[in-house]
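*Asks:* Dumping the structure here so I can ask a few things about it.
Derivation of every value follows stated rules applied to the coordinates shown; laboratory data play no part. The structure presented is a predicted model; accordingly, all values stated were derived computationally and were not measured. Quick reminder, even Gly has a Cβ in these numbers, built from the backbone with ideal geometry, and neighbours come from all protein chains shown.
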Amino acid sequence: MYNKIILAGNLTRDIEIKYTPGGSAIGNTAIATSRKFKAQDGTQKEEILFIDITFFGRTAEIANQYLRKGSKVLVDGRLKLDQWTAQDGSKRSKHSVTVENLQMLGSKDEAAPMGGNGYGQQNESEYEVPSTDHYSQPAPSAPRTAPQATSNIPEIDINEDEIPF
């Protein structure tokens, strides 16, 4: 099965970060997204959605360091259904997103803590935070180089009748 969601919008509040007993970071916040459309009567309408999002590991720490309420972000991850019983005994539920990848959008000064970090002025820029899953440690990043042709890749002989789709 496939469970993937991509959202772009603004954070509705600062990130609330907590740590597990094992030391892994968990960051919670929400994102506001909007959609403009024309209603049947011809008027322009806007629909705004508020979705809770959760970051894990190094991504949570980076998000907590650089993002604030109002920050523009693009996230992708998995849709999750949270269910609980309220104090009055009623069953409650809501959907949320477990973030797998984060891209910080906007100017570098907007993403900096307290409004400035020496990056200089730029109108639009984009930062990408590599995916970190809360089940594994992030891989160290290496400088990007052009792909090299390798001759040690084995050729696989597959009969088309054996493919299940």
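*Asks:* At 7 Å along the Cα-to-beta-carbon direction for both residue 26 and residue 95, put a label point, then send me their distance in nm to one decimal.
*Replies:* Spacing of the two 7 Å Cα→Cβ label points: 2.2 nm.
*Asks:* Starting from the Cα of residue 79, step 7 Å along the direction of its Cβ; do the same at residue 17; then give the gap between the two resulting points in nm.
*Replies:* 3.0
*Asks:* Please order 104, 1 by the number of other Cβ within 10 Å, starting at the fewest.
*Replies:* Ranked by crowding around the Cβ, least crowded first: 1, 104.
*Asks:* List the lysines whose Cα sits under 21 Å from the Cα of residue 72, skipping any in the same chain fewer than 8 residues away.
*Replies:* 4, 36, 108
*Asks:* Between residue 100 and residues 5 or more places away or on another chain, which pairs have amide H atoms under 5 Å apart, with H built 1.01 Å from N, and which residues are they?
*Replies:* 76, 77, 78
*Asks:* Could you tell me the convex hull volume per residue, in Å³, taken over the Cα atoms of the stretch 1-114? Don't skip to the end; give the middle numbers.
*Replies:* Details: hull volume 20.3 nm³, N = 114.
Each residue corresponds to 178 Å³ of Cα convex hull volume.
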